[in-house]
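Here the structure is laid out as structure tokens; the discussion comes afterwards.
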Amino acid sequence: MKDNPAAQLAKMTALLCVRNTFLEDLHSGPMPISKTGDYSDVKVIDAEGNEIPWNQVSRLNNAEMKQLMKQVVNRLYTFNALADNADLQKGIEGFKPMAYEWDEPELDEFFTLLTTAKRVQRMAKEEA
């Protein structure tokens, strides 16, 4: 990661702007026990007595998703807006060892498909 600035930035951004957010509140609490390991043997029973397989249960309601996304957007905005701030740079130094322990990032298919689509569109225009 030390040799790849994009990987280092991705890990630090994820750690500072996503990891330590409302997501931690959503992640806390007891987890159900699964004897199969894939949670196909776990179900949720709602207030009306409906049994919902764990793998089909919505884990976030709309208000929680909105709260999470708002906080992540605000953190990303602040991180980018203050990227050149010397105090911020000093402050994040202590977090770097945590990010070093994470798996190395990989190119995301969504973005690579977008770049491929743009390339194909350009080639089609050139051929026309």
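Please state which one of Leu88, Leu68, Leu82 is touching a Leu at 6+ places or on another chain (Cβ under 9 Å) and farther than 23 Å from Ala6 by Cα.
Going through Leu88, Leu68, Leu82 in turn, just one is touching a Leu at 6+ places or on another chain (Cβ under 9 Å) and farther than 23 Å from Ala6 by Cα: Leu68.
Given the conditions (1) exposed (fewer than 10 other Cβ atoms within 10 Å of the Cβ); (2) in a loop (DSSP other than H, G, I, E, B); (3) modelled with pLDDT under 95, and given that Glu48 satisfies all but one, which numbered condition is not satisfied?
Among (1) exposed (fewer than 10 other Cβ atoms within 10 Å of the Cβ); (2) in a loop (DSSP other than H, G, I, E, B); (3) modelled with pLDDT under 95, Glu48 violates only (3).
Tally the residues that are surrounded by 11 or more Cβ atoms within 10 Å (Cβ to Cβ), part of a helix (DSSP H, G or I) and of a type in the set (A, V, I, L, M), restricting the search to the range 73-91.
Adding up the residues that qualify gives 3.
Provide a single number: the residues in the range 18-39 that are of a type outside the set (Asp, Glu), more than 18 Å from Glu101 (Cβ to Cβ) and not in a helix (DSSP H, G or I).
The total comes to 12.
How about the range 1-17: which of its residues are surrounded by 16 or more Cβ atoms within 10 Å (Cβ to Cβ) and assigned to a helix (DSSP H, G or I)? Don't jump to the end; show me each part of the working.
Within the range 1-17, the subset surrounded by 16 or more Cβ atoms within 10 Å (Cβ to Cβ) is 1, 7-8, 10-13, 15-17.
Hits for the range 1-17 are Ala7, Gln8, Ala10, Lys11, Met12, Thr13, Leu15, Leu16, Cys17.
Among (1) modelled with pLDDT of 95 or more; (2) touching a strand residue (DSSP E or B) at 6+ places or on another chain (Cβ under 9 Å); (3) exposed (fewer than 15 other Cβ atoms within 10 Å of the Cβ), where does Lys43 come up short?
Going through the list (1) modelled with pLDDT of 95 or more; (2) touching a strand residue (DSSP E or B) at 6+ places or on another chain (Cβ under 9 Å); (3) exposed (fewer than 15 other Cβ atoms within 10 Å of the Cβ), Lys43 breaks only (3).
The values are calculated or read from the model by the stated rules, or taken from the named source; none is laboratory data. As the structure is a prediction and not an experimental result, all values here were calculated from the model. Cβ coordinates were reconstructed from backbone atoms using ideal geometry, including for glycine residues, and neighbour counts include every protein chain displayed.
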